[in-house]
1. Which condition number does S31 fail, the rest of (1) among the small types (G, A, S); (2) touching a helix residue (DSSP H, G or I) at 6+ places or on another chain (Cβ under 6 Å); (3) closer than 21 Å to R154 by Cα being met?
2. Output the number of residues of the stretch 119-147 satisfying the condition of being farther than 16 Å from L8 by Cβ and part of a loop (DSSP other than H, G, I, E, B).
3. Please find, within the stretch 6-24, the residue that is farthest from Q153 (Cα to Cα) out of those that are surrounded by 14 or more Cβ atoms within 10 Å (Cβ to Cβ) and touching a residue at least 60 places away in the same chain (Cβ under 8 Å).
4. For the stretch 25-52, which residues satisfy the criterion of being open to solvent by 30 Å² or more (accessible area, probe 1.4 Å), over 18 Å from R163 (Cβ atoms) and free of Cβ contacts under 8 Å to residues at least 12 places away in the same chain?
5. Yes or no: L86 under 18 Å from S71 (Cα atoms) and modelled with pLDDT of 90 or more?
6. Condition check: β-branched (V, I, T), open to solvent by less than 90 Å² (accessible area, probe 1.4 Å) and assigned to a helix (DSSP H, G or I). Does T108 satisfy that?
7. Pull up the stretch 133-172, narrow it to residues that are among the hydroxyl-bearing types (S, T, Y) and modelled with pLDDT of 85 or more, then point me to the one that is surrounded by the fewest Cβ atoms within 10 Å (Cβ to Cβ).
8. Would you tally the residues in the stretch 53-67 being crowded, with 18+ Cβ neighbours inside 10 Å, touching a Ser or Thr at 6+ places or on another chain (Cβ under 9 Å) and closer than 20 Å to A189 by Cα?
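The values are calculated or read from the model by the stated rules, or taken from the named source; none is laboratory data. Since this is a predicted model, take the numbers as computed values, not measurements. A quick note on method: Cβ atoms are made from the backbone with ideal geometry, for glycine too, and the neighbour counts reach across all protein chains shown. With ligands, DNA and RNA removed, areas are computed over all heavy atoms of the protein, side chains included. Shrake-Rupley method; radii C 1.70, N 1.55, O 1.52, S 1.80 Å.
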Amino acid sequence: HDDIDTKLADIFPAYAKSDCQSLGFNPMRVSDSGPFGHIESAGLLRDIFASIFPELGDLQLETIRAASKTSYEAYGWGVARERGALNLPPFRDFFKRLRSSSKPDTRTQTLLARLTELDDYTFFNDSQAGQSFLDGSNLTILQIHKTQNAAVQRAYASFAFYRIYQDMFSRGRQSRITHAVIFDEAHRASRLKLIPTMAKECRKYGIALILASQEARDFETSLFSA
């Protein structure tokens with residue numbers, strides 16, 4: 001909520017803020033360097049969109065995963081790929097592939113309607129890679145409230161969380177806690193499978209995770225065992 005911005009500004013005058021107009025990274029980047037790393041990333045993208053649009057069915061979500069996998073393969077990713085660095089497909093690439101379907105069925109048309117709504121807010125536009133949230137030492141606030149569209153709010157929050165998750169592994173294990181991630185109104189992303197995974201992994205990577213929500217039952221039980 002916007003009142004948090006005002007209160008924290010009084011305590012931390014030098015805080016940074018993001019109005020969520022740009023993701024600041026390419027969600028198609030691959031964390032796992034193995035031959036199936038791109039498959040893992042395609043599955044994670046499917047899970048993120050499942051939390052953004054809870055009404056989507058399994059077949060619609062599989063359409064997202066398949067389009068993402070095809071995008072990777074078009075850029076040379078695959079089991080038989082040659083060793084060495086490969087270019088990442090732009091985030092918009094899988095969305096373009098979905099739209100280019102010659103005769104989309106009703107399920108795909110519904111899926112495209114949801115994704116087009118995000119595209120209207122330039123969500124899939126290419127954005128320059130910004131500094132990792134884990135590189136700085138100042139407080140950073142992601143101002144999700146700058147847009148009133150609930151789907152866009154969920155999308156920016158979920159992909160920002162995904163960005164932190166990837167950066168966490170990129171920088172490796174830490175000897176102490178260096179950052180705290182505070183996820184306010186976290187029940188809105190309770191279906192995000194990255195949350196319990198993050199809770200189990202983040203401490204050894206130097207991150208404390210704080211989830212503020214309405215009710216504890218919003219989340220998977222595995223979250224509390226962590």
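1. (3)
2. Restricting attention to the stretch 119-147, the residues satisfying the condition of being farther than 16 Å from L8 by Cβ are 119-132, 134-135, 147.
Still in the list and also part of a loop (DSSP other than H, G, I, E, B): 121-132, 134-135, 147.
Qualifying residue count, the stretch 119-147: 15.
3. Keep residues of the stretch 6-24 that are surrounded by 14 or more Cβ atoms within 10 Å (Cβ to Cβ), which gives 8-9, 17-18, 20-24.
Among the residues that remain, those that are also touching a residue at least 60 places away in the same chain (Cβ under 8 Å) are: 8, 17-18, 20-24.
On the way: L8: 21, K17: 15, S18: 13, C20: 9, Q21: 11, S22: 12, L23: 12, G24: 16 Å.
Filtering the stretch 6-24 for residues that are surrounded by 14 or more Cβ atoms within 10 Å (Cβ to Cβ) and touching a residue at least 60 places away in the same chain (Cβ under 8 Å), the one farthest from Q153 (Cα to Cα) comes out as L8.
4. S33
5. On the way: under 18 Å from S71 (Cα atoms): yes; modelled with pLDDT of 90 or more: no.
For L86, the condition - under 18 Å from S71 (Cα atoms) and modelled with pLDDT of 90 or more - is not met.
6. Numbers: β-branched (V, I, T): yes; open to solvent by less than 90 Å² (accessible area, probe 1.4 Å): yes; assigned to a helix (DSSP H, G or I): yes.
Answer is yes for this residue.
7. Initially, the stretch 133-172 is screened for residues among the hydroxyl-bearing types (S, T, Y), giving 137, 140, 147, 156, 158, 162, 165, 170.
If we keep only those that are modelled with pLDDT of 85 or more as well, we get 140, 156, 158, 162, 165, 170.
Values: T140: 15, Y156: 26, S158: 23, Y162: 22, Y165: 21, S170: 12.
Taking the candidates together, the pick is S170.
8. Within the stretch 53-67, residues that are crowded, with 18+ Cβ neighbours inside 10 Å, touching a Ser or Thr at 6+ places or on another chain (Cβ under 9 Å) and closer than 20 Å to A189 by Cα number 2.
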